[in-house]
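> Sharing a structure here in structure tokens format.
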Amino acid sequence: MGSTHLGHNILDHQLLDKDGRRCGNVDDLAIEDADVVAIYSGPGYWPQRAGWLGRLAGWIGGSGRVRVPWEEVAKVDSAVHLRRTAPEYGLGKGDDCLRPFVERIPGANR
Amino acid sequence: MSKILGVALGILAAIGGFVDIGDLVFNTAAGATFGYQLMWVLPIGVLGIIVYSEMCGRVAAASGKAVFDAVRERTGFAAGLSALIASELVNLLTLAAEIGGVAIALQLLSGLPYRVLLVLAITGVALVIWVVQLETIERIFGYGGLCMLVFAVAAVKLGPDWTQFGKGFIPHVSQNSPWLYLYFVIGLLGAAMTPYEVYFYSSGGVEDRWTPKDLGLNRANAIIGYSLGGLLSVALMVVGAAVFLRHGINPEHLGTIPLGAEQPLGKVGLLFAIVGILFAVGGASIDTVFSGAYNLAQFLGWEWGRYRSAAGAPRFFLTWIVLLVCALGIVMTGVDPVMLTEYAVIFSAVALPLTYIPILLVANDREYMGASTNGPLANTLGIIYLVVIAVVAVAAVPLMIITNVGQN
């Protein structure tokens, strides 16, 4: 698979960590010499994707940016599978930050 | 045997869950305004939802992708974000209308003040979602919604003019108020093909981990469930024509609709109709609020799912809570749920192509779909319906303006 083809096939795909946890989306790609060298994920990359609407969404979503080196990608199918857990990359922070509060509600772990 | 029973029970729940507030409002009002003349639109709408639900279910089974996952992947971030915002707004309007409908049904049963019942309705919906497993919720509300079959009994008992009824299935344009007639065509199609139904259906397929082995079940659910559910739409239109049009009543208040079952069947008919509406609209409000949360989570890659605990998918959980609170805020202003429904259905007609084009694209991607890729029949129907949807989308807002939201 050529790099450009690969890029086309992974942009905007779901990211899954090694435990199968959904931990973001491929929001942008770092390309050097026609090779994909890293995946970018986070609201900080939205402004460059969708004009004023992207800036607005990025502003609401916060400016989080995560760079995942391409070597960390284990497999690409209908999702992009990573080799390690989400927190090790700084992915899935939104859910991890809210969890302690949500867990206080009775029945939240059911 | 137990598998057949399971499928049968699922189909029963699908029939009970078919009708939502959009169908209630548009089918009854269409009958009350144009008699049987708009019958021909119903099979077109039902076939449309069958075609795209079956396709979404197949995409979910073969690729593990739910609708908004596919939307983002196929249309990119910018177009996908526009589709997301449009569908979330329409979903919120629909949710608010459904919550209003629940409160009106509760008011007919209890006589308590509307606003108190709105708060009760929203609290009830949140509690049910929190406490009861979603599969059980779907079954309970689906079976409860079967009380709506009272409208089918009423339709037969009313002894409609069967010749006029039959003629209604031949497509034509009314000479009398053609713009209003066309507005109803758009509304009936929009109500039958409401996008939240496919969001919910496809996300459920992904959650239930459907594989190509489940394609038979998917087809049975879509074809049998929606066709039989569509008969309820026919019954509502007959009741609209045979009761409301005959007596010159405009069912502009949701509370008027159950009277259509009372006239031929008495108090028992009335009670079944109110309970049926309560369950049908209550179930639809749960589907709608989940659809809103599914779409946002899928678009942004968050953890989502009804089988996950709130702590397992905190942002998904907070999204549906926020949607419920926003919906409550909208209906508490006192805006009429029927008016909200009309706006929700007409705007959802505008948003339809944004949902269905990416699905058609993914369903044709052999790399994902393998042997389950769209065949000639699914593609032919899919493309015909895309044209129908495109016409509906373009015509919806102008017709809404020309007819003053169906008031003239």
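> Could you work out the per residue convex hull volume over the alpha carbons of the stretch B:22-74, in cubic angstrom? Could the numbers behind the result be given before it?
Values: hull volume 5.1 nm³, N = 53.
Each residue corresponds to 96 Å³ of Cα convex hull volume.
> Now, a different point. Determine the relative contact order of chain B: mean sequence separation of Cα pairs under 8 Å and six or more apart, normalised by residue count, in whole percent. Please report the intermediate quantities before stating the final value.
On the way: 665 pairs, mean separation 151.1, N = 408.
Computed over chain B, the figure is 37 percent.
> Is the shape of the stretch B:223-262 rounded, prolate or oblate, going by the alpha carbon gyration tensor and its root eigenvalues a ≥ b ≥ c, with a/c under 1.5 for rounded and a/b larger than b/c for prolate? Numbers along the way, then the final one.
Working: a/c = 3.11, a/b = 2.24, b/c = 1.39.
The shape class here is prolate.
> Is the stretch B:88-196 best put as rounded, prolate or oblate by its Cα gyration tensor, with a ≥ b ≥ c the root eigenvalues, rounded for a/c under 1.5, and otherwise prolate when a/b is larger than b/c, oblate when not?
Details: a/c = 2.08, a/b = 1.71, b/c = 1.22.
Cα axes put the stretch B:88-196 in the prolate bin.
> Normalised by the empirical 2.2 N^0.38 Å for globular proteins, what value does the Cα Rg of the stretch B:315-407 take?
Values: Rg = 18.2 Å, N = 93, 2.2 N^0.38 = 12.3 Å.
With N residues counted in the stretch B:315-407, Rg over 2.2 N^0.38 Å equals 1.48.
> Right, something else. Measure nothing but the geometry: give the 0 to 90° angle between the long axis through the Cα atoms of B:314-332 and the longest principal axis through the Cα atoms of chain B, rounded to 10°.
Helix B:314-332 and the main axis of chain B meet at about 20 degrees.
> Calculate how steeply helix B:337-363 sits against the longest principal axis of the alpha-carbon atoms of chain B, using the helix alpha-carbon long axis, and give the answer as 0 to 90 degrees to the nearest 10.
On a 0 to 90 degree scale, this one is about 30.
> Bins of 20 Å, beginning at zero and ending with the bin holding the largest distance: percent of Cα pairs per bin for the protein assembly as shown, please.
All Cα pairs, binned at 20 Å, distribute as 23, 55, 20, 2 percent.
> Would you list the membrane-span-like helices of chain A, meaning whole DSSP H runs whose alpha-carbon atoms span at least 30 Å along their axis and whose mean Kyte-Doolittle value is at least 1.6?
Numbers: long enough: none.
In chain A, no H run is both long and hydrophobic enough.
> Go from 0 up to the bin containing the longest alpha carbon distance in the stretch A:3-102, width 10 Å each, and give me the % of pairs per bin.
16, 47, 32, 5, 0
> Ranking A:D33, A:D95 by Cβ neighbours within 10 Å, fewest first, what do you get? Can you show the working numbers first?
On the way: A:D33 6, A:D95 24.
Ordered by Cβ neighbours within 10 Å, fewest first: A:D33, A:D95.
> Over 28 Å between Cα atoms: which of B:K3/B:K267; B:K65/B:K213; A:K75/B:K65; A:K18/B:K213; A:K93/B:K213 fall into that group? Walk me through the intermediate numbers first.
On the way: B:K3/B:K267 38 Å; B:K65/B:K213 16 Å; A:K75/B:K65 17 Å; A:K18/B:K213 26 Å; A:K93/B:K213 36 Å.
Too far apart for the 28 Å limit: B:K3/B:K267; A:K93/B:K213.
> Right, next: Which value, in Å³ per residue, describes the convex hull spanned by the Cα atoms of the stretch B:2-402? Write out the running numbers ahead of the final one.
Working: hull volume 53.7 nm³, N = 401.
Each residue corresponds to 134 Å³ of Cα convex hull volume.
> Something else about it: What angle do you read, to the nearest 10 degrees and between 0 and 90, between the alpha-carbon axis of helix B:195-207 and the longest principal axis of chain B?
Taking Cα atoms only, the helix is inclined about 40 degrees.
> State whether the stretch B:51-91 is rounded, prolate or oblate according to the following rule on the C-alpha gyration tensor (a ≥ b ≥ c being the square roots of its eigenvalues): a/c under 1.5 gives rounded; otherwise a/b larger than b/c gives prolate, and the remaining case gives oblate.
On the way: a/c = 2.89, a/b = 1.58, b/c = 1.84.
Since a/c reaches 1.5 but b/c is at least a/b, the shape of the stretch B:51-91 is classed as oblate.
> Under the definition of partner shielding as Cβ atoms of other protein chains within 10 Å of a residue Cβ, what is the mean value for peptide A:86-95?
On the way: counts 1, 0, 0, 0, 0, 1, 4, 0, 6, 11.
That works out to 2 on average.
> So for A:E72, B:E54, fewest C-beta neighbours within 10 Å to most, what's the order?
On the way: A:E72 17, B:E54 24.
The most exposed by this proxy come first: A:E72, B:E54.
> Dipole magnitude of the stretch A:3-102 about its Cα centre, charges +1 at Lys/Arg Cβ and -1 at Asp/Glu Cβ only, in debye to the nearest 20? Before the final figure, lay out each step's value.
Working: 12 positive and 14 negative charges, 79 e Å.
It works out to roughly 380 debye.
> Can you sort B:M193, B:M332, B:M39, B:M369 so the residue with the fewest Cβ neighbours within 10 Å comes first? Present the calculation step by step, with values, prior to reporting the outcome.
Working: B:M193 30, B:M332 16, B:M39 25, B:M369 19.
Ranked by crowding around the Cβ, least crowded first: B:M332, B:M369, B:M39, B:M193.
> Counting pairwise Cα distances across the stretch B:170-291, what percent come out greater than 19 angstrom? Working shown, then result.
Working: 4561 of 7381 pairs.
More than 19 Å apart: 62 percent of the Cα pairs in the stretch B:170-291.
Laboratory data are not the source of any read-out in this text; all were calculated from the coordinates shown. As the structure is a prediction and not an experimental result, all values here were calculated from the model. FYI the Cβ positions are ideal-geometry reconstructions off the backbone, even for glycines, and counts take in every protein chain you see.
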